[in-house]
1. Just for region 100-120: of the residues that are open to solvent by 60 Å² or more (accessible area, probe 1.4 Å) and without any contact (Cβ under 8 Å) to a residue 40 or more places away in the chain, which one is nearest to Ala52 (Cα to Cα)?
2. Could you say which residue among Leu29, Leu140, Leu123 is closer than 24 Å to Arg161 by Cβ, modelled with pLDDT of 95 or more and crowded, with 17+ Cβ neighbours inside 10 Å?
3. Would you check which residues across region 30-55 are in a loop (DSSP other than H, G, I, E, B) and of a type in the set (D, E, K, R) and list them?
4. Filter region 66-98 down to the residues that are open to solvent by 20 Å² or more (accessible area, probe 1.4 Å) and either among the polar types (S, T, N, Q) or modelled with pLDDT of 95 or more (or both) and list them by number.
5. When you scan region 39-53, do you find a residue that is within 17 Å of the chain's Cα centre (by Cα), open to solvent by 100 Å² or more (accessible area, probe 1.4 Å) and aliphatic (A, V, I, L, M), even just one?
6. Can you find even one residue in region 146-159 that is at pLDDT below 90, within 23 Å of Arg58 (Cβ to Cβ), open to solvent by 90 Å² or more (accessible area, probe 1.4 Å) and not in a helix (DSSP H, G or I)?
7. Which one is farthest from the chain's Cα centre (by Cα), of the residues in region 56-104 that are part of a helix (DSSP H, G or I) and hydroxyl-bearing (Ser, Thr, Tyr)?
8. Which is in contact with an Asp or Glu (Cβ under 8 Å, 6 or more places away or on another chain) and small (Gly, Ala, Ser), of Ser94, Ser158?
Amino acid sequence: MLEKFKTLDFHSLSNTPHCVLPDRGHKDLSLDDPAIAVMTDHRIEGAHLINADRSLDRAKRQMAESHSSMLLINDGDEGIAGIVTSADISGEKSIKFSRDSGKKREDIKVRHLMTKVEDIPALSIQVVLVSKIGDVLHTLNEIGSEYVLVTMQEHGKSAIRGVFSARVIAHSLKIFFDPSPAARYFVDFTKALHQSELSH
């Protein structure tokens, strides 16, 4: 039964090791810490999902209950169609859609405001595992995105393993972050990266 598998390289411990503490909330993180320390990992924390046809108020309530500023949108067939954020629901995007479409707010569904999954930047988990927090911030700054999805292969198909959120990273690094919808760069992140470079 095990003939097709192999023995993994193993080693013996030569001294008394310690247990690793969870990164988030247990230590002061820096730009040089592993990127995975600030990744929302769906194998540890279940993804916050909402159906594409739910109302904006339902999405807003769900975000409040889950203490999240972003929801993954389920297309009804176990697939992820996109994401919707608190800024999408409460900001200019919903107002503009209502004005352009003639729909009242109660008639707008999350699918009307979502960012399609193909328009969201993504990193593979293999890249993340060898990256630092500073690398992720540099990437967010370059592409002007508040979110980056993390993917992996599962059962031969692409799956969303987790997500990087600029807000979560800023909170973890104690950086003030209040992005403007029109902003191309994250100024505080740029300053943090610059200061890190000067200190090394």
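1. Only one residue tops the list, namely Lys116.
2. So the residue among Leu29, Leu140, Leu123 that is closer than 24 Å to Arg161 by Cβ, modelled with pLDDT of 95 or more and crowded, with 17+ Cβ neighbours inside 10 Å is Leu123.
3. Asp32, Asp33, Arg43, Glu45, Asp53, Arg54
4. Ser66, Ser68, Ser69, Asn74, Ser86, Ser90, Ser98
5. yes
6. Scanning region 146-159, I find no residue that is at pLDDT below 90, within 23 Å of Arg58 (Cβ to Cβ), open to solvent by 90 Å² or more (accessible area, probe 1.4 Å) and not in a helix (DSSP H, G or I), so the answer is no.
7. If we filter region 56-104 for residues that are part of a helix (DSSP H, G or I), which is where we start, we get 56-66, 86-90, 92-101.
Subset that is hydroxyl-bearing (Ser, Thr, Tyr): 66, 86, 90, 94, 98, 101.
Working: Ser66: 15, Ser86: 14, Ser90: 19, Ser94: 22, Ser98: 27, Ser101: 30 Å.
Among those that are part of a helix (DSSP H, G or I) and hydroxyl-bearing (Ser, Thr, Tyr), it is Ser101.
8. Numbers: Ser158 fails: in contact with an Asp or Glu (Cβ under 8 Å, 6 or more places away or on another chain).
Just one listed residue meets the conditions, Ser94.
The values are calculated or read from the model by the stated rules, or taken from the named source; none is laboratory data. Here the structure is a predicted model, which means the values were calculated and not measured. We place every Cβ from the backbone using ideal geometry, glycine too, and count neighbours over all the protein chains shown. Note: areas computed on protein heavy atoms with side chains; ligands, DNA, RNA excluded. Shrake-Rupley method; radii C 1.70, N 1.55, O 1.52, S 1.80 Å.
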